[in-house]
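Comments concern the structure below.
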Amino acid sequence: MPAERLALTDGEIEDEVLNGSRVAMFVVGDESTIFLGDRIQLADSDDGVIVEVVDVERTTVAGVTWEQIEAEDGEFATVTEWREAAVACLTDDDQDGPYTRLTWIRFRQVSPRPSVPSRPTTGDFELPPGYRHIYSGKVRDLFRTPDGNLLLVASDRISAYDWVLSPAVPEKGAVLTQMSLWWFRQLADVVPNHILTDRVPGTVRGRAVECKSLEIFPVECVVRGYLTGSGLADYRATGQVCGVKLPDGLRDGDRLPEPIFTPATKAAVGEHDENIDFDRMTQILGTGVANELRELSLALYERAETICRERGIVLADTKFEFGRDHEARVVLADEVLTPDSSRFWPLETWQPGQPQQSFDKQFARDWLTSAESGWDRNSGQPPPPLPDWVVARTAAKYREALERLTGSEFSG
């Protein structure tokens, strides 16, 4: 996106910045004083908070999207509601307006550094000498093996709303690993994968695999067969999902006429993945690669959706990650078709027009946003610890998904 310059003073965003979050706001007009990538020290901050401008986009009231509204302020339920409020505000007697042009800007805090999950060392897993820690995400930890391959360890950490929650969910990492390995076997004739072996050091056996080192494509390949989640919000606002036009009258949980490909850019820990349209994906990866990943993703989803339905499970949506190996082949990477990367619903209770029961962390998410938790997800404060009963129910949901898919009991 080309850099735009904005009329904005430091004090205007002081109250908008949330620790560790990207925060957005609208500014009237399009005067030019701030560039994409600028770093601003907040004038009134006692902590010396510095934010970076990560998005700048000129728009009009009529052209504002749901994603912009949701990022800027969570109090509005629809685009229409926001526009009505905006028109009233922008024609107020105190304004020089009326205005129709706006500039949407988004920030992320860069200093002090927002809190992220602690980075494990080889000592945390008691790995043998020669293993070197490379990276940790919200759930997985990555190490270089002595022979130059990668050791991918699935922890028991659980994340929601871009926070790593506490406590961990017992055996979650082992469930995710066993499920991924099962799926890789089911899909091996569609696309090669990155797994080399599950023979790993004893301290991580069952929750880790040794993998090829790949050049990972910086786009997550999301396929949706049912309307829900952020896709539902996008559809209600625009009639589309990531630029894909859908029929009118669809409800929460409806099966789509055919699966749709809705890519997203990969975000850093503590930030949101961002839905993009296919044209943007082609700009990032090139037309040839983008088309290949789209075709592979749809083929994988169609195979997996059939397998799930035969086992009494609805595969609502899922995301795949791909990379290129040293032979320049496209390879399926990371985890695949787990409750962390997919929405699984029991077929017997699936009922469009309402929220669905699920085999994933939705149970924990629902508790966090309930009155019982007392947590405001827009507060910038970390979530409270999960109660024991929520942890136990979440763990049971993960195990049930594995056992229904594979037909075998979880071995621990």
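The values are calculated or read from the model by the stated rules, or taken from the named source; none is laboratory data. Because the structure is predicted, anything quoted here is derived from the model rather than measured. Note that we place each Cβ from the backbone using ideal geometry, even for glycine, and neighbour counts take in every protein chain shown.
Here are a few things to note about the model shown:
- Residue-level check: of (1) in contact with a Gly (Cβ under 9 Å, 6 or more places away or on another chain); (2) modelled with pLDDT of 95 or more, GLU321 misses just (1).
- Yes/no for ARG207 being among the basic types (Lys, Arg), in contact with a helix residue (DSSP H, G or I) (Cβ under 6 Å, 6 or more places away or on another chain) and over 30 Å from ASP254 (Cβ atoms): yes
- The test for being free of Cβ contacts under 8 Å to residues at least 60 places away in the same chain and over 30 Å from LEU214 (Cα atoms) does not hold for PHE344.
- Residue list for the range 200-219, filter: modelled with pLDDT under 95, assigned to a strand (DSSP E or B) and surrounded by 15 or more Cβ atoms within 10 Å (Cβ to Cβ): ILE216, VAL219
- When the criteria are applied in full, ARG303 fails the requirement of being surrounded by fewer than 20 Cβ atoms within 10 Å (Cβ to Cβ), in contact (Cβ under 8 Å) with a residue 24 or more places away in the chain and either part of a loop (DSSP other than H, G, I, E, B) or among the polar types (S, T, N, Q) (or both).
- Taking the numbered list (1) aliphatic (A, V, I, L, M); (2) more than 17 Å from the chain's Cα centre (by Cα); (3) over 23 Å from TYR226 (Cα atoms) in turn, VAL314 passes all entries but (3).
- Summed over the range 172-188, the residues that are part of a loop (DSSP other than H, G, I, E, B), touching a Lys or Arg at 6+ places or on another chain (Cβ under 9 Å) and surrounded by fewer than 19 Cβ atoms within 10 Å (Cβ to Cβ) give a count of 0.
- Qualifying positions in the range 322-355 - under 26 Å from ASP254 (Cα atoms), surrounded by fewer than 20 Cβ atoms within 10 Å (Cβ to Cβ) and not charged (D, E, K, R): PRO346, LEU347, THR349, TRP350, GLN351, PRO352, GLY353, GLN354, PRO355
- Pairs where the first residue, in the range 240-252, is closer than 22 Å to THR349 by Cα and assigned by TED's automatic domain parsing to the domain that holds ILE276 and the second is exposed (fewer than 15 other Cβ atoms within 10 Å of the Cβ) and at pLDDT 90 or above, C-beta under 6 Å, 6+ apart: ARG251/PRO352; ARG251/GLY353
- Residue within the range 270-282 that is in contact with a Lys or Arg (Cβ under 7 Å, 6 or more places away or on another chain), at positive phi and either in the same structural domain as ASN378 (by TED's automatic domain parsing) or aromatic (Phe, Trp, Tyr) (or both) present: no
- Filtering the range 370-399 to residues that are at pLDDT 90 or above and polar (S, T, N, Q) leaves SER370, SER373, THR394.
- The range 228-268, subset of a type in the set (S, T, N, Q) and part of a helix (DSSP H, G or I), residue nearest to GLU81 (Cα to Cα): THR238
- For THR197, the conditions (1) modelled with pLDDT of 95 or more; (2) hydroxyl-bearing (Ser, Thr, Tyr); (3) crowded, with 18+ Cβ neighbours inside 10 Å all hold with the exception of (3).
- Number of positions in the range 324-363 that are modelled with pLDDT under 90 and assigned to a helix (DSSP H, G or I): 2
- Against the conditions (1) of a type outside the set (Phe, Trp, Tyr); (2) outside any helix (DSSP H, G or I); (3) under 25 Å from THR306 (Cα atoms), ALA401 satisfies every one except (2).
- Screening ILE216 with (1) of a type in the set (Val, Ile, Thr); (2) closer than 20 Å to GLU295 by Cα; (3) in contact with a helix residue (DSSP H, G or I) (Cβ under 8 Å, 6 or more places away or on another chain) gives one miss only, at (3).
- For the range 128-158, the set of residues classified as on the phi < 0 side of the Ramachandran plot, outside any strand (DSSP E or B) and touching a residue at least 60 places away in the same chain (Cβ under 8 Å) consists of PRO128, TYR131, GLY137, LYS138, VAL139, THR145, ASN149, ILE158, listed by residue number.
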